[in-house]
Structure formats: C-alpha cells, structure tokens
1. Express in Å², to the nearest 10, the accessible area of Val74 obtained by rolling a 1.4 Å probe over the protein heavy atoms while all chains stay in place.
2. When the solvent-accessible surface of protein heavy atoms is calculated with a 1.4 angstrom probe, in what order do Arg86, Arg60 fall, highest first?
3. Evaluate region 28-96: find the radius of gyration of its Cα atoms, find its Kirkwood radius, and give the ratio Rg to Rh.
4. Under the 0.36 nm per residue contour assumption, what length would be gained going from the current alpha-carbon distance of Glu85 and Leu19 to full extension?
5. Where a ≥ b ≥ c are the square roots of the eigenvalues of the C-alpha gyration tensor, would you call the chain rounded, which needs a/c under 1.5, or, failing that, prolate if a/b is larger than b/c, or oblate?
6. Given points 7 Å out from each Cα along the Cα-Cβ axis, report the Ala123 to Leu8 separation in nanometres with one decimal.
7. To the nearest 10 degrees, how steeply does helix 11-24 sit against the main Cα axis of the chain, on a 0 to 90 scale?
8. For the chain, what does the accessible surface come to per residue with a 1.4 Å probe? Please give it in Å².
Amino acid sequence: MKRPRRRLISFIPLSLAFLLLGEIKPQTLLLLPVALLSMQWYFFGSLFILLVGVFLIYSRTGGIYGLAAMSLAVLSIEMAYLDRERAPRGHYIVLIAAILLSIPSYLLLEALAPILPSVEVTALAALVLVLAYLFALEVGKG
C-alpha cells in the first residue's frame, strides 16, 4: 500500500511571513532554523510564534503590518500541522477563514479605540484571531 504524499502548502505563508519580517529587520533570518523545525514539530511552532511576537514587540511593529506578520506565522504553523495530519481541504478553508477574520476585527477595534479606555488594538485583534480559530476548530470537530 502506497502512503499518500505529504502536502507542503505550509511553506507559502511561511515564506510570506519572512518577506514581511525581513522588511522590518534582516536579522529575522535568524528565526529561519526555528521556523523550518516548526514545520515538523509543534513545539518549535509554538516557539516560533512566541519569537515572532517578541520580535514584533521589540521592533515596535504593530498595526495591520504586525497583525499580518503574526497571522502568517500562525497560518504557517497550523497549516504544517494540517499537512502532517493529511487533513481534508475543508480544514484549510476553515483555518484561512479564521485567520482572515482577524483583519476586520482589527479594523473594528481600531475604530472603537478612541471610545474605549486605553485599548491595545493589535493585541485584541490577535486575541480575537486565536479565539476565532479555536472556535472554528471546535465547530469542525462536531
């Protein structure tokens, strides 16, 4: 019995994430070994997401640009997991939809920021991104 080939779709958002991060500082290429290890092991994926978050905070990069870089990092790690599990294509669509929901939530929170007391819009949008993805995972299990 021939084993089905593993998809390598996860390298597309990873390369886009490094394009965005490289525009901030070229030193982000130092994260490349961790990013490549994250394609195989979920621990390194979590470490990569943490390092990207720390880098974005350190470089004071926020807004849509920072959210896009973080979204692409999350997208690449989760797509690598789906690649490893040989998930159906519908799971990829749910993942991409959950990631794309972070942009309108960011814009909504940015519009509400002058009204609300000291709200960090990018952090809230990232939180909404994670919550939307977790919700989509739970709905997909049912």
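1. 20
2. Arg60, Arg86
3. 1.01
4. Result: 21.1 nm gained on full extension.
5. oblate
6. 3.9
7. Between helix and principal axis, roughly 30 degrees.
8. That works out to 62 Å² per residue.
The values are calculated or read from the model by the stated rules, or taken from the named source; none is laboratory data. These figures come from a predicted structure and were not determined experimentally. Backbone-built Cβ (ideal geometry, glycine too); neighbour counts: all protein chains shown. Note: areas computed on protein heavy atoms with side chains; ligands, DNA, RNA excluded. Shrake-Rupley method; radii C 1.70, N 1.55, O 1.52, S 1.80 Å.
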